[in-house]
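*Asks:* Got a structure for you, written out below as structure tokens; questions coming shortly.
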Amino acid sequence: MKKPPIINWSEKVAEFVEENQGFINICYEALDRHLSTTMRDRPAIRYVDNSWPDKSEAIRDISFIELATETNRFAHALKRLGVAKGEVLFSLCPRVPEFYTVAFGALRAGVVFSPLFSVFGSGPILSRMRKGKGKVLFTLASYYRKKILPIRSSLVDLKYLILLDDDGSLNQIDDAIDFHQLMHDSDPSYIIEKTSPTDPALLHFTSGTTGEPKGAIHVHEAVLYHKFSGLIALDLRPDDLFWCTADPGWVTGTSYGILSPICNGVTLLVDGAEFSAERWYQILTKLNVTNWYTAPTALRMLMRAGSDLARNYNFKNVRYGASVGEPLNPEVIHWVKENLGIEMHDNWWQTETGGILISNYANFPVRPGAMGVPMTGIEIGLVKKVENNNLIFVDRPGEQGEIAVKKGWPSMFVNYLGDPEKYQRCFIDDWYLSGDLAKFDEDGYYWFVGRKDDVIKTSGHLVGPFEIESLLMEHEAVLESAAIGIPDPIAGELIKAFVVVKSDYKKTEELKSKILAYARVRLGVAIAPREIEFVDNLPKTKSGKIMRRLLKARQLGLPEGDLSTLEQPL
Ligand code: ATP
Ligand code: MG
């Protein structure tokens, strides 16, 4: 099995910092570094607002120099207000150009940036901002009135409220600071906080798929890995136009939806509108996207829109497609290849890891169903068991174990907000234990099995829901599915699958029996689902992950737990 070359990351960081006058700051790496090159006047961001394609002025390019100047202004403004290095700025904002000024401006000032998903209601905002002791909030005036006002008195650490006046109500809000006025009055001259490699930079909350969302803290040295991993795993090259469809409210939408392309001098496309299959196809084709980073759930939504729609477009400009967030079913890879002509490269990582750690590469053949191979410089092990605090690793292909990562890569989280004990529990010796199970094959590709919490124990077998769900998707009627284990006195657990069928199929008992029979033949009686329930939608997090724990809780009549990230109440 091929092993990736070892990189001594702490040495690399030390060398880098020494060459860089003793500091490392994400904003400097992303913007300032390009100002003495030909990139200076090229677009860092190509912003497409929701009036596109009807109006041509709906596209706005923001150059590296323009963004750098704006972020200098915002950093000066934060300093003038008295926001100190290490204090936390939360943003609750849709994808508008000002958001990117705020993100980089905060980093420039050494202020910790924490993007909240803009669709959150008051409850999830309150819990996150209280935990993070948010000193500054950047949001829209309309959001303020709807979501913040009801919780304002509980936000005890909030001192500065910076608003974009989207509905003309700002002057009725007592202590609001008008973003545009603040910027207008501020100094555009150069400023950079000389942060150290281990100064906190970003605070990201996990998706809440398995329980209450955790706040993962990342530091400025992470930028070295953001930059490096984008080159390798997303095939970023000069002159590319890169589109990451994840919202910056989630880690993918920041590490790769803001930082990685810009650090690499690649133009980032930002779409201000929400998903529609037609719009996405238009963006990909008419705007000449070269690299596209998305998620399995979005790809399944494109499948739902049908092949006929896809065939109206020619995707030849899209050189590289990649996916993250959930297992990428082989069926989805085949569909995208057949209908869009794009080969999707799956990769694996987590909020905690800050960057891609396992990946299908541009120059290797994609292995459908596999997450890929460990990234260069990243040591991955699969832990079979822990004996007296010693890790016993899987040493042969096909055996499953928990994905563990050797400590020290630069974008590794440095703590869980307010829960250092939980953080400590994630590490044994030099290894970070991820909570996900996988196997590797003879060629060193890793195959996702499931989260430890989701794995089903049935008749002595340990079964990952991904295997069941991917197989079910191969049935012509199945659009997507989720498998859970339900307690059984004999088998331990029996597998139940929740299935969404394609729109041209009727949810009949006969179809259920056919799908069950199909699964029995292909999976074998031991691990085939015993029961199928048709549903219109699967419960998902707002970042698009199937919440199997919720299906299970509802099935068993148990408490539903934290639902702050649930996409839509079912
Ligand atoms: P929480 O930790 O709050 O339960 P979460 O783990 O879903 O939520 P994220 O950090 O956003 O929060 O997601 C990381 C998880 O997503 C991984 O641990 C893994 O389970 C899943 N994942 C990400 N990429 C892949 C992939 N390529 N294949 C399979 N699973 C993936
Ligand atoms: Mg997690």
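The values are calculated or read from the model by the stated rules, or taken from the named source; none is laboratory data. All values reported here derive from a predicted model rather than from experimental measurement. Glycine also receives a Cβ, built like all others from the backbone with ideal geometry; neighbour counts cover every protein chain displayed. Accessible surface areas use protein heavy atoms only, side chains included; no ligands, DNA or RNA. Shrake-Rupley method; radii C 1.70, N 1.55, O 1.52, S 1.80 Å.
*Asks:* I'd like the residue in the stretch 518-553 that is open to solvent by less than 40 Å² (accessible area, probe 1.4 Å) and without any contact (Cβ under 8 Å) to a residue 12 or more places away in the chain and, out of all such residues, is farthest from Met473 (Cα to Cα).
*Replies:* Top of the filtered list is Ala553.
*Asks:* Among the residues of the stretch 27-74, which ones are out of contact with any Cys (no Cβ under 8 Å at 6 or more places or on another chain), open to solvent by less than 50 Å² (accessible area, probe 1.4 Å) and of a type in the set (A, V, I, L, M)?
*Replies:* Leu31, Leu35, Met39, Ala44, Ile45, Val48, Ala58, Ile62, Ile65, Leu67, Ala68
*Asks:* Only one residue in Ser127, Ser153, Ser142 is assigned to a helix (DSSP H, G or I), open to solvent by 10 Å² or more (accessible area, probe 1.4 Å) and under 21 Å from Ala273 (Cβ atoms), so which one is that?
*Replies:* Just one listed residue meets the conditions, Ser142.
*Asks:* Does Val332 meet the test of being within 18 Å of Ile546 (Cβ to Cβ), β-branched (Val, Ile, Thr) and open to solvent by less than 10 Å² (accessible area, probe 1.4 Å)?
*Replies:* yes
*Asks:* Applying the selection to the stretch 122-146, what residues are in contact with a strand residue (DSSP E or B) (Cβ under 8 Å, 6 or more places away or on another chain) and either free of Cβ contacts under 8 Å to residues at least 24 places away in the same chain or under 17 Å from Asp419 (Cβ atoms) (or both)?
*Replies:* Once the filter is applied, which keeps residues that are in contact with a strand residue (DSSP E or B) (Cβ under 8 Å, 6 or more places away or on another chain) and either free of Cβ contacts under 8 Å to residues at least 24 places away in the same chain or under 17 Å from Asp419 (Cβ atoms) (or both), the stretch 122-146 yields Arg128, Met129, Lys131, Gly132, Lys133.
*Asks:* Next question. Counting residues that are within 19 Å of the chain's Cα centre (by Cα) and aromatic (Phe, Trp, Tyr), which strands (runs of 3 or more DSSP E) fully inside the stretch 231-332 reach at least 1?
*Replies:* Details: elements: 241-244, 267-271, 291-294, 320-323.
Correct list: 241-244, 291-294, 320-323.
*Asks:* How many of the residues in the stretch 174-209 are open to solvent by less than 20 Å² (accessible area, probe 1.4 Å) and away from ligand 1 (no atom under 16 Å from the Cβ)? Explain how you work it out, then say what you get.
*Replies:* Going residue by residue through the stretch 174-209, those that are open to solvent by less than 20 Å² (accessible area, probe 1.4 Å) are 179, 182-183, 186, 195, 201-209.
In the following step, the residues that additionally are away from ligand 1 (no atom under 16 Å from the Cβ) were identified as 179, 182-183, 186, 195, 201.
Total meeting the criteria: 6.
*Asks:* Right, another one. Would you point out which residue out of Glu338, Glu274, Glu278 is at pLDDT below 95 and either among the aromatic types (Phe, Trp, Tyr) or surrounded by fewer than 18 Cβ atoms within 10 Å (Cβ to Cβ) (or both)?
*Replies:* Working: Glu338 fails: at pLDDT below 95; Glu278 fails: at pLDDT below 95.
After applying the criteria, what remains is Glu274.
*Asks:* OK, next. Taking the conditions exactly as written (more than 16 Å from ligand 1 (Cβ to nearest atom) and either part of a loop (DSSP other than H, G, I, E, B) or touching a Ser or Thr at 6+ places or on another chain (Cβ under 9 Å) (or both)), does Glu212 satisfy them or not?
*Replies:* no
*Asks:* Looking at Thr285, Thr210 in this structure, which one is touching a Lys or Arg at 6+ places or on another chain (Cβ under 7 Å) and either of a type outside the set (Gly, Ala, Ser) or not assigned by TED's automatic domain parsing to the domain that holds Phe74 (or both)? So that I can check it myself, show each step before the final result.
*Replies:* On the way: Thr285 fails: touching a Lys or Arg at 6+ places or on another chain (Cβ under 7 Å).
The match here is Thr210.
*Asks:* Looking only at the stretch 480-497, filter to residues that are open to solvent by less than 10 Å² (accessible area, probe 1.4 Å) and not charged (D, E, K, R); which one of those is farthest from the chain's Cα centre (by Cα)?
*Replies:* Ile495
*Asks:* Please work out which one of (1) in contact with a Pro (Cβ under 9 Å, 6 or more places away or on another chain); (2) within 13 Å of ligand 2 (Cβ to nearest atom); (3) within 30 Å of His220 (Cβ to Cβ) is the condition Gly450 fails and give its number.
*Replies:* So Gly450 meets the others, but not (3).
*Asks:* Among (1) over 15 Å from the mean Cα position of the chain (by Cα); (2) within 12 Å of ligand 2 (Cβ to nearest atom); (3) of a type in the set (D, E, K, R), there is one condition Lys214 misses while meeting the rest; what is its number?
*Replies:* (1)
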